[in-house]
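A quick write-up on the structure given underneath.
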Amino acid sequence: MKFLKDAGHLFRFAGLFVLAFLIFLVVRGYVVPKTFGEYGHYRGATIVEIAARPVKYAGHQVCENCHTDVVAAKNLGQHAHVNCEACHGPLANHANDPASVTPALPDTAVLCARCHTASAAKPKNFSQVDPADHSGGVPCQTCHNPHNPTPGADPATGAMPPAATAGTHAAPDPKTAGGAK
């Protein structure tokens, strides 16, 4: 045992390591929730907690049951696959009691810019504008029907009058098509 004669410092270090590991296990027992790991790397109680929250979104099917005129116009436009609550916000309360809960109309000058502000990262065929140059802060619904935003389109049929976009929506500038620089 001559080789262990000067190994006292190694035993002290190993003892500290074991002590630190035991402290870690005790702290982990207090910090990590009991239901952690029941369903993978998650807290099992989360499912019950989320299910207990009140419903905020009604779903586009509920909106479409009452607002058939809007659905008809929307299905003809480029927003056909955008769900109602993506723009109008959570509407479960309105769906439950339409007479007493009237949703606020969104500010289209701000709302439309969320998706349609020009960016080189967006696909070239995606409608993009520089809001300041395009409208000067005028709300989008002044010229566009938000449910069928094709400029000048008849909201019911989607038909374009021949001179509807003359001067305001000319051919895209090749330098900025697909996104502003």
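The values are calculated or read from the model by the stated rules, or taken from the named source; none is laboratory data. Only a predicted model underlies this, so the values are computations on that prediction, with no experimental measurement involved. As a convention, Cβ positions derive from the backbone with ideal geometry for all residues, glycine included, and neighbour counts pool all protein chains shown.
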Residue within the range 30-49 that is small (Gly, Ala, Ser), surrounded by 14 or more Cβ atoms within 10 Å (Cβ to Cβ) and in contact with a helix residue (DSSP H, G or I) (Cβ under 9 Å, 6 or more places away or on another chain) present: no
Yes/no for residue 60 being touching a helix residue (DSSP H, G or I) at 6+ places or on another chain (Cβ under 8 Å) and not basic (Lys, Arg): yes
In the range 92-115, residue farthest from the chain's Cα centre (by Cα) [restricted to those that are of a type in the set (S, T, N, Q) and surrounded by 12 or more Cβ atoms within 10 Å (Cβ to Cβ)]: 96
Hey, residue 9 under 44 Å from the mean Cα position of the chain (by Cα), without any contact (Cβ under 8 Å) to a residue 12 or more places away in the chain and exposed (fewer than 10 other Cβ atoms within 10 Å of the Cβ) or not: no
Residues of the range 68-91 satisfying the condition of being crowded, with 16+ Cβ neighbours inside 10 Å and assigned to a loop (DSSP other than H, G, I, E, B): 77, 79, 91
Subset of the range 42-54 [at pLDDT 90 or above and either assigned to a loop (DSSP other than H, G, I, E, B) or aromatic (Phe, Trp, Tyr) (or both)]: 53, 54
Residue match in the range 71-79 (condition: charged (D, E, K, R), more than 17 Å from residue 139 (Cβ to Cβ) and touching a helix residue (DSSP H, G or I) at 6+ places or on another chain (Cβ under 9 Å)): yes
The range 116-156, residues that are surrounded by 17 or more Cβ atoms within 10 Å (Cβ to Cβ), modelled with pLDDT under 80 and in contact with a strand residue (DSSP E or B) (Cβ under 9 Å, 6 or more places away or on another chain): 153, 155
